[in-house]
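Peer 1: Handing you this structure, nothing more for now.
Nothing in this text is a laboratory measurement; each read-out follows from the coordinates by a stated rule. Keep in mind the model is a prediction, meaning the values are calculated, not measured. Here the Cβ positions follow ideal geometry from the backbone for every residue, glycine too, while neighbour counts run over all protein chains shown.
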Amino acid sequence: MPFSLRADSGSPWTGAEIALLRLQWIGSLEKLPTDPTNRYADDPQAAWLGHRLFFDRRFSINGRISCATCHQPDNNFTDGVIKGRAIGEARRNTPAISGIAYSPWFFWDGRTDSLWSQALEPLESPVEQGGNRTFYARLIYSDPVYKKSYELTFGALPDLSDRIRFPDGATPAGNIAQKKKWDLMSAKDRREVNRIFSNIGKAIAAYERKLLPGTSRFDRYVEALLNNRIEETDATMTHKEVAGLKLFIGKAMCVTCHQGPLFTNNSFHNIGITDPATLKPGYLPAIIYLFTDRPEPDYGRYRGIRRALKSEFNCLGEYSDAQEGDCVELIYAGRHHRATLGAFKVPSLRNVAQTGPYMHAGVFASLEEVLKHYNTAPPASVGRSELAPLNLSEQELEQLEAFLRTLDSPVNAETRWFKRPSS
Amino acid sequence: MESAIQMLYGKFKMARYLSHAALIVGSALACVSDAAGNSWQTISGKYFAVSYQSQTVPLPLNRIHSWQTTIKTVDDGRPVEGAVVKIYGGMPAHRHGLPTQPRTTEVGNGRYLIRGLKFSMMGDWEVWLDVTYGSLSEKLVFKLSL
């Protein structure tokens with residue numbers, strides 16, 4: 001590929017910059033790697049079932065909420081509100097999920113280490129889908145279509161009609177009564193239910209793996225640039241957008257974290273976002289939280305990694321299909337406060353203009369507000385912000401914003417995966 | 001209550017880290033790696049000389065990998081066996097630590113394998129080796145650029 005473009009006619013790019021742009025280009029996105037924790041990850045039957053489960057509102061305690069309630073296909077698989085709204089209000093903003101299968105960590109705080117174990121949490125969260133393990137296992141068992149599909153993929157189901165062995169409302173993740181019911185079940189039956197529950201997650205994950213990012217205007221620009229089609233580059237992005245791109249990979253240093261074709265390094269960083277709905281930690285004793293209805297500060301990855309390490313559904317757990325050697329992300333994950341306190345996952349910037357409000361707490365309504373935050377870099381209220389003020393001019397901020405809008409692209413998947421399944 | 005304890009603990013650890021940083025400046029020469037990381041890099045302190053080479057070359061961005069290291073005495077170049085090696089580090093310019101918690105295993109004859117290193121961003125990184133052998137203890141720092 002030519003690297004010395006328009007050297008004689010004042011190319012806007014140096015060879016090193018073009019090499020960097022190539023790394024951000026969708027053409028550099030490697031094929032989706034297999035998921036060693038989920039042997040059904042690329043099983044078409046599992047994806048068929050997962051597609052149905054993703055859209056099925058019966059998969060909630062009130063029969064009104066599905067994954068698609070917040071991850072709306074018409075809305076880039078997010079919901080456009082500050083914090084997700086299902087049975088109640090979620091603690092954080094709903095992330096977009098196209099290309100999420102490439103990530104080693106899930107949720108803003110990385111509290112799960114596989115796509116399938118991520119899918120399980122909202123099912124049991126009282127503010128999201130609000131159900132419990134025996135409820136979901138029985139739902140699969142009692143629907144003839146689901147039962148058949150499940151058994152074809154994962155093997156025979158136990159006799160879940162036995163309500164003495166499998167009581168309604170039993171889960172170790174619920175309230176005291178639910179936990180007690182769970183504890184009264186035999187260890188073998190608990191494992192059976194956990195197996196079904198984890199397979200529900202594995203089916204949903206097999207479906208979500210179909211939702212991949214598509215080609216944006218930025219990608220067409222880079223492709224034309226790499227192939228020396230100069231007129232096409234000029235027609236694809238404006239001078240203002242190109243100037244924004246130059247800032248993105250240069251002076252504004254966005255690319256240090258929003259790096260690679262998904263515009264994320266899938267790592268966790270503290271950029272000093274304070275959720276106004278939580279208390280500031282300050283130096284008050286934690287007992288103060290007992291006397292207020294505001295939740296404690298959001299410690300982000302500091303708590304997330306500890307939860308991932310404890311989870312029975314993690315890479316090293318009984319329900320994972322991985323070998324120990326596949327679990328290096330979990331085994332070596334940093335847990336020190338220097339790397340984790342107040343840190344949240346770097347989101348992909350593909351479709352960023354379409355996926356506001358922004359940040360884990362949805363605190364910014366527009367890209368303009370986001371860029372203003374980076375430009376001024378206020379101190380963090382939890383941990384220490386890694387940002388330094390960018391001190392960009394108004395014009396430069398506008399250029400950056402114009403560039404970010406070139407990352408709009410449709411999700412690259414067959415149209416059937418966007419719709420509620422017909423049967 | 002847990003939160004307050006964690007915050008206090010965090011402050012204590014931060015103070016410890018700052019003292020580490022001061023020791024490093026005082027006790028060891030820093031070594032800047034080439035970006036490719038495909039040759040042995042050596043750093044000598046007061047007691048120990050440590051060399052490393054990444055098992056994955058060029059040094060990978062955002063991927064967990066391992067380093068082979070050898071530890072020798074500065075005085076007579078003998079391999080150091082049975083040392084306790086702890087790994088810390090981070091990006092001073094961004095005020096954050098390593099994204100992973102690497103672990104060291106001794107291979108023998110002064111050779112140690114560091115597993116679980118990851119550099120999640122482009123830029124300047126530091127990897128701190130805290131080497132303890134008997135009553136001797138020293139902090140050495142590798143500087144590298146990705």
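Peer 1: Of A:VAL328, A:PHE248, A:SER311, which is farthest along the charge dipole of the protein assembly as shown in the positive direction, counting Lys and Arg as +1 and Asp and Glu as -1 at C-beta?
Peer 2: Result: A:SER311.
Peer 1: Lone cysteines in chain A, going by a 4.7 Å Cβ-Cβ cut-off?
Peer 2: Lone cysteines by the Cβ rule: A:CYS67, A:CYS70, A:CYS254, A:CYS257.
Peer 1: So, one more: Classify the range A:295-423 as rounded, prolate or oblate, taking a ≥ b ≥ c as the square roots of the eigenvalues of its Cα gyration tensor: rounded when a/c is under 1.5, otherwise prolate if a/b is larger than b/c and oblate if not. Mind showing how you got there, number by number?
Peer 2: Details: a/c = 2.39, a/b = 1.22, b/c = 1.96.
It comes out oblate by the Cα gyration axes.
Peer 1: Please list the non-local residues whose amide H lies under 5 Å from the amide H of A:ALA173, H modeled 1.01 Å from N, same-chain partners needing a gap of 5 or more.
Peer 2: Excluding prolines and chain starts, which carry no amide H, there are no hits.
Peer 1: Hey, another quick one. Where does the charge balance sit around A:GLU368 when Lys and Arg score +1, Asp and Glu -1, over other residues with C-beta under 11 Å from its C-beta?
Peer 2: So the environment of A:GLU368 carries a net charge of -3.
Peer 1: Using helices alone, what [θ] at 222 nm do you get for the protein assembly as shown, with -39,500 (n - 2.57) per DSSP H run of 4 or more residues, divided over all residues and rounded to the nearest 500?
Peer 2: Result for the protein assembly as shown: -9500 deg cm²/dmol, rounded to the nearest 500.
Peer 1: Take A:SER422, A:SER149, A:SER117 and order them by how many other Cβ atoms sit within 10 Å, fewest up front. Each step should come with its number before you reach the end.
Peer 2: Details: A:SER422 5, A:SER149 20, A:SER117 26.
The order, fewest Cβ neighbours first, is A:SER422, A:SER149, A:SER117.
Peer 1: If you don't mind, another one. Using a/c under 1.5 as the rounded threshold, could you call the protein assembly as shown rounded, prolate or oblate? The axes a ≥ b ≥ c are square roots of the C-alpha gyration tensor eigenvalues, and prolate needs a/b larger than b/c, oblate otherwise. Walk me through the numbers before you get to the answer.
Peer 2: Details: a/c = 1.64, a/b = 1.23, b/c = 1.34.
Oblate is the answer for the protein assembly as shown, as a/c is 1.5 or above yet b/c matches or exceeds a/b.
Peer 1: Any of A:LYS210/A:LYS372; A:LYS202/A:LYS345; A:LYS419/B:LYS118; A:LYS246/B:LYS139; A:LYS179/A:LYS202 with alpha carbons more than 32 Å apart? Name them for me. Write out the running numbers ahead of the final one.
Peer 2: Values: A:LYS210/A:LYS372 35 Å; A:LYS202/A:LYS345 22 Å; A:LYS419/B:LYS118 39 Å; A:LYS246/B:LYS139 39 Å; A:LYS179/A:LYS202 24 Å.
Long pairs (Cα-Cα over 32 Å): A:LYS210/A:LYS372; A:LYS419/B:LYS118; A:LYS246/B:LYS139.
Peer 1: Can you put A:LEU279, A:LEU32 in order, fewest other beta carbons within 10 Å first?
Peer 2: The most exposed by this proxy come first: A:LEU32, A:LEU279.
Peer 1: Taking the number of other C-beta atoms within 10 Å as the exposure measure, put A:CYS327, A:CYS315 in order starting with the fewest. Mind showing how you got there, number by number?
Peer 2: Values: A:CYS327 20, A:CYS315 25.
With the fewest neighbours first, A:CYS327, A:CYS315 line up as A:CYS327, A:CYS315.
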